[in-house]
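Notes follow once the structure below has been shown.
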Amino acid sequence: MTTWLITAEETVPAEGAPPQRQVKVIRRVRGNKTREEALVELHKAAKGHVPDSLKGSGRVVGRDSDGSLWVLPNNNRAHPPCIIRLIEQTHS
């Protein structure tokens with residue numbers, strides 16, 4: 001049985017240090033799901049995910065050429081993207 005991981009990757013500020021990349025699992029897709037079915041769950045997760053740095057502001061979701069989804073601010077404010085990816089879990 002395949003498990004798919006939906007991850008959110010964003011750059012977060014660190015006190016007294018350069019910003020650091022943070023990756024966290026925001027949803028697990030379990031069961032006998034094909035990649036296409038898991039991609040549907042990826043789209044749902046990206047639409048509903050609000051990165052901490054974008055709380056209280058509008059956001060848009062866009063697809064990159066590699067299939068990952070980007071959550072970006074809906075205003076002209078400069079901000080690092082939050083990248084939502086689908087990863088197949090191979091070991092636990």
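The values are calculated or read from the model by the stated rules, or taken from the named source; none is laboratory data. Note that the coordinates shown come from a computational prediction; the quantities given were computed from them, not determined experimentally. Quick reminder, even Gly has a Cβ in these numbers, built from the backbone with ideal geometry, and neighbours come from all protein chains shown. Please note that ligands, DNA and RNA were not included when accessible areas were found on the heavy atoms of the full protein model with its side chains. Shrake-Rupley method; radii C 1.70, N 1.55, O 1.52, S 1.80 Å.
Would you check if PRO19 is over 27 Å from MET1 (Cβ atoms), open to solvent by 30 Å² or more (accessible area, probe 1.4 Å) and more than 11 Å from the chain's Cα centre (by Cα)?
Working: over 27 Å from MET1 (Cβ atoms): yes; open to solvent by 30 Å² or more (accessible area, probe 1.4 Å): yes; more than 11 Å from the chain's Cα centre (by Cα): yes.
Taking the combined requirement at face value, the residue satisfies it.
Filter the range 50-82 down to residues that are aliphatic (A, V, I, L, M) and either under 16 Å from LEU5 (Cβ atoms) or assigned to a helix (DSSP H, G or I) (or both) and give me whichever is farthest from the chain's Cα centre (by Cα).
LEU54
So in the range 1-32, with the set limited to residues that are not in a strand (DSSP E or B) and not polar (S, T, N, Q), which one is modelled with the highest pLDDT?
At the first step, the residues of the range 1-32 found to be not in a strand (DSSP E or B) are 1-2, 15-16, 30-32.
If we keep only those that are not polar (S, T, N, Q) too, we end up with 1, 15-16, 30-31.
Details: MET1: 72, GLU15: 83, GLY16: 85, ARG30: 90, GLY31: 87.
Checked the range 1-32; the qualifying residue modelled with the highest pLDDT is ARG30.
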Those residues of the range 65-79 which are open to solvent by 60 Å² or more (accessible area, probe 1.4 Å), within 14 Å of GLU9 (Cα to Cα) and either out of contact with any Pro (no Cβ under 6 Å at 6 or more places or on another chain) or of a type in the set (Val, Ile, Thr) (or both), in sequence order: none
Any hit, the range 36-49, residues being more than 13 Å from the chain's Cα centre (by Cα) and either loosely packed, with under 11 Cβ neighbours inside 10 Å or part of a strand (DSSP E or B) (or both): yes
